[in-house]
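A quick write-up on the structure given underneath.
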Amino acid sequence: MRPGCFLFVINFLLSLSCYTQPIGSWQEHISFHSAISVGTNGNQLITASPQALFQYDPSSEEFKRITKINGLSETGIQTISNNQSLTVIAYRNSQLDLLENNTTRSVNTIRLSSITADKRIYDIWMENAQCLLATGFGLAVLNLEKAEIGDVYLIASGGAFSKMNAVTADQQYFYSAGESGFYRAPRAGLNLADFRNWTLLSGQNGLPSGQFQQVLFWKGSIYVQQNNRIYKQVGTDFSLWYQDQWQWNTIDVSETALMISQRSAGNARVLLLNESANPVNQLEHPLIQWPKQSLFFQQQYWVADSINGLLQIDGNNLNRLIPNSPAGIGSGGLFAGKKGWWMATGEKLNQFTEGNWKGYQAADQNWPAGFGPIGPLVEALDGTLWAGSSSQGLCYLHESGFQVFKENILSASVQEPGNYKVGGLALDAEQRLWITNDGATEGLVVRFPDGNSKSFEIPFFYPSLRLSELLIDDLNQKWLAAPGNGLFCFNQGASIENTGDDQWRYYQAGSGKGNLPSNQVLSMVKDKFGFIWLGTSDGIGILQCPEQVFSGQGCEVLLPVVQTDNFAGYLFKGEAVQAMAVDGANRKWIGTKNGIWLISASGDETLLRFTTANSPLPDNDIHKIAIDPKTGTVLISTAQGLVSYQSTATEGGTTSSNVLAYPNPVTPGYTGPIAIRGLVNNAVVKITELNGRLVYQGRALGGQAIWNGLDLNGKRVSTGVYLVWISDDSRQEQAVTKIVFIQ
């Protein structure tokens, strides 16, 4: 090959591979639309959401995301504090991270301690190398240099565990506000681990008794908060300095004002007080809905709002500063299709295309007001989307806008009149939309492409009329999950309109009743053999004979027995199988409250297992799983947010088209897997040198083959161009592509 051609191949293939996520890699899709804390780190702002952090540089207007994938040890942030270039992050599970110069040091002493009281960290005070933590049991000393807990101060009477809400210091004393009162101790000269060296100031010196929420050192004085009142220290006594009737979230200080984040009867504001306790300004805006912390930085005000993220206030202008992300944690459907990925978060619909998230919500007038919470999602062949709601019916999203359907298709819930509840959605081969009408007497509805509809009453008694997921098998039979009551199967016969040949069957737990593992069916998938996998609150059952459901033989659910170490047991026995998905190689991805598994096509082998301990999973509680058929990317929605994992299998086609190898070229130092995508289903793949010498032979996983870059002798191949030969078993579908190696 001429040098110019070789460079052309490299540049061309590199331009293709830059759009792919490497095999085995993770990508986070954490929401930053909720901000709970904001501080400064040099010339940048650092903002905490409940699941992660982001830095924002006002001069360059650039964001940097800091998540479990690139620095954090956990998700579930309780609070943060900044000191010069150091950020201390406290998580709800009492883990601590010290983030400095892109390096994280973790402290798990409190999390792993045997303390039986509340171990959460509610406030962090830092001064140079000193750091005190206000926790649910007392105060703890954090050694910032050694990244370890140095001592614990149980300062309440008798050295009892007592929640401390806040801690600060002036030049002479440490101060702590908590459930048992307001305390003070000298900064030097005494053993602060002895509770007798802490003085209870509340109940005397002008202070009331009871719980105190916050203490601050500002303008040379100590201020302490009790509910909606602030007391200021004057000499040795305290006097009431300010009070109002609002609900207070936090108090923060700036160079010129003390700032109180407040709410009252649905309104919100940040009130600014001068040293005389006179209001000098108040920050109000429709986007300020639930302010959690305020900051004055570079002559502008910044508000961390738990509803609308980080807000920048410059005079009369207000800007939302949020890294591109979904609007929240997935609470409803998750779907990957022609128009990208779709995820429901409450009353908001989120779409991910070309590397960016787009939100559909009433505030942007591209989504019906009050529609939600959004549940199941399904995409039609033309890429339009159907979304179901747990109260407001059905929404159809298309290029011209949206349409909402309620009483013109659905029936209201018997127990919740006025609510039109959609439990599940599925489209059949004729693009008829099937709907489980949760809570209604006629629980199954079909909408025809011409807009007409028909309802069916399920001929069995099932308490509460609850219906959720809906699945259509290869025989066009409909499977309806009835939470707590089992499962229904419906066969429409020769004609939907003719109910005379309709057939129904009721599946429940127990031999002879259908043999479900449990009556609580949580998830359903159909695999490539046509088998129906049923995830329940007590493991998995497989229905391998759907063609016999209404025959004389019948068809009961199989409870597969698998060997684990030296023990045999039912598949996922004791686990609540909340989510399942089938990939292009017919393998099953299984989600429970204890992480996610990849198991073989038959279910007898565990291929992968991911938890928060061995992966960037934000949480072990798996809500939904979806797989992008084109790329094989596995979307995992958890209780703490969405992540994606690049798997090895894609959906195979009937031909090999748009074949792509990546990474390509394979650059020096890369030792990971090389994927060849866009193949005919289960293709035979051979890789040769230009002279025809065979270096690899294998089969695709669905529509994607994986090569480790080694030849048949287990040695790394040399620099050069390698030909990839692709064919199906009949050799009628064939294709060739190239991979460039640079060693």
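Determine the percent antiparallel among the DSSP beta bridges restricted to the chain, to the nearest 5.
95
Along region 323-332, what does the Karplus equation 6.51 cos²θ - 1.76 cosθ + 1.60 (θ = phi - 60°) give for ³J(HN,Hα), rounded to whole Hz, x for Gly and Pro?
Per residue, the Karplus-derived 3J(HN,Hα) values read x, 4, 6, x, 6, x, 7, x, 10, x Hz.
At 0.36 nm per residue, and after removing the present C-alpha to C-alpha distance, how many nm does the segment from Asn366 to Ala188 gain when stretched out fully?
Value of the extension gain: 58.0 nm.
Which of the listed residues, Ala481, Phe610, Gln312, is farthest toward the dipole's positive end in the chain, when Lys, Arg count +1 and Asp, Glu count -1 at the beta-carbon?
Checked the options; the winner is Phe610.
Can you pull out the GluC sites (Glu not before Pro) in region 141-216 that DSSP calls coil and that have at most 11 other Cβ atoms within 10 Å?
Answer by residue number: Glu145.
Can you list residues from other chains, or at least 5 along the same chain, whose modelled amide H is less than 5 Å from the amide H of Asn664?
Ser17
Give me a comma-separated list of calculated 3J(HN,Hα) values for region 263-273, in order, Karplus coefficients 6.51, -1.76, 1.60 applied at θ = phi - 60°, integers in Hz, x for any Gly or Pro.
Ordered by residue, 3J(HN,Hα) equals 9, 7, 6, x, 9, 9, 7, 10, 8, 10, 10 Hz.
Residue by residue through region 348-362, which ³J(HN,Hα) values in whole Hz follow from phi under the Karplus form 6.51 cos²θ - 1.76 cosθ + 1.60 (θ = phi - 60°), with glycine and proline marked x?
10, 10, 10, 10, 10, 9, 6, x, 9, 9, 10, x, 10, 7, 4
How about Lys232: which aspartates and glutamates have a C-alpha closer than 17 Å to its C-alpha, ignoring those fewer than 8 places off in the same chain?
The reachable aspartates and glutamates, counting only those whose Cα sits under 17 Å from Lys232, are Asp170, Asp244, Asp252, Glu275.
Arranged from highest to lowest average of other beta-carbon atoms within 10 Å per residue, in what order do the peptides 135-141, 274-280, 592-598 appear?
Per-residue mean Cβ counts within 10 Å order the peptides as 135-141, 592-598, 274-280.
Answer with a single label: of (i) 3, 12, 19, 20, 18, 15, 9, 4, 1, 0; (ii) 3, 12, 19, 18, 13, 11, 9, 7, 5, 2, 0; (iii) 3, 13, 23, 27, 21, 10, 3, 1, 0, which was calculated as P(r) over Cα pairs in 10 Å bins from 0, in percent from the structure in view?
Read-out taken from this structure: (i).
So if I take the centroid of the Cα atoms in region 517-538 and the same for region 665-728, what is the distance between those two points in Å?
The two parts, judged by their Cα centres, are 36 Å apart.
Projected onto the charge dipole of the chain (+1 at Lys/Arg Cβ, -1 at Asp/Glu Cβ, origin at the Cα centre), which of Ser31, Ser523, Leu444 gives the Cα projection farthest towards the positive end?
Selected residue: Ser31.
Round to the nearest 10 and give me the degree value, 0 to 90, for the angle of helix 3-17's Cα axis relative to the longest principal axis of the chain.
Long axis of 3-17 versus the principal axis of the chain: about 70 degrees.
Starting with the highest mean, order 168-174, 323-329, 69-75 by the number of other Cβ atoms within 10 Å, averaged over the residues of each peptide.
Averaged packing, sorted descending, gives the order 323-329, 69-75, 168-174.
Using modelled amide H (1.01 Å from N, peptide plane; none on Pro or chain starts), what sits under 5 Å from the amide H of Val422, excluding residues fewer than 5 places away?
Amide H neighbours of Val422: Ser389, Ser390, Ser391, Gly393, Asp438.
Distance cut-off 18 Å, Cα to Cα: go down the list Lys421/Lys526; Lys478/Lys526; Lys292/Lys348; Lys526/Lys624; Lys339/Lys421 and report the pairs above it.
Lys421/Lys526; Lys292/Lys348; Lys339/Lys421
Tell me which of Tyr242, Ala426, Ser389 sits at the most positive position along the dipole axis of the chain, charges placed on C-beta atoms (Lys, Arg +1; Asp, Glu -1).
Towards the positive end, the residue furthest out is Tyr242.
Determine which aspartates and glutamates satisfy two conditions relative to Lys513: a Cα distance under 18 Å, and not lying fewer than 8 residues away in the same chain.
Hits, sequence-local ones excluded: Asp538, Glu547, Glu556.
According to the square roots a ≥ b ≥ c of the eigenvalues of the Cα gyration tensor, what is the shape class of region 296-351, taking rounded for a/c under 1.5, prolate for a/b larger than b/c otherwise, and oblate for the remainder?
prolate
Which aspartates and glutamates have a Cα lying under 18 Å from the Cα of Lys715, excluding residues fewer than 8 positions away in the same chain?
Result set, ordered by chain and number: Glu689.
Name the long-range amide H neighbours of Ser523: under 5 Å, sequence gap of 5 or more, or other chain; modelled H, no Pro or chain starts.
Long-range HN contacts for Ser523: Gly535.
How much net charge surrounds Ser73 when only the other residues with a Cβ under 12 Å from the Cβ of Ser73 are counted, with Lys and Arg +1 and Asp and Glu -1? If you can, show how the numbers build up before the last one.
Numbers: positive: Lys68, Arg105, Arg111; negative: Glu74, Asp97.
Here the charged neighbours net out to +1.
Taken together, the values in this text are just the output of simple stated rules run on the coordinates, not laboratory data. Please read all numbers here as calculations on a predicted model, not as lab measurements. Neighbour counts run over all protein chains shown; Cβ positions are idealised from the backbone, glycine included.
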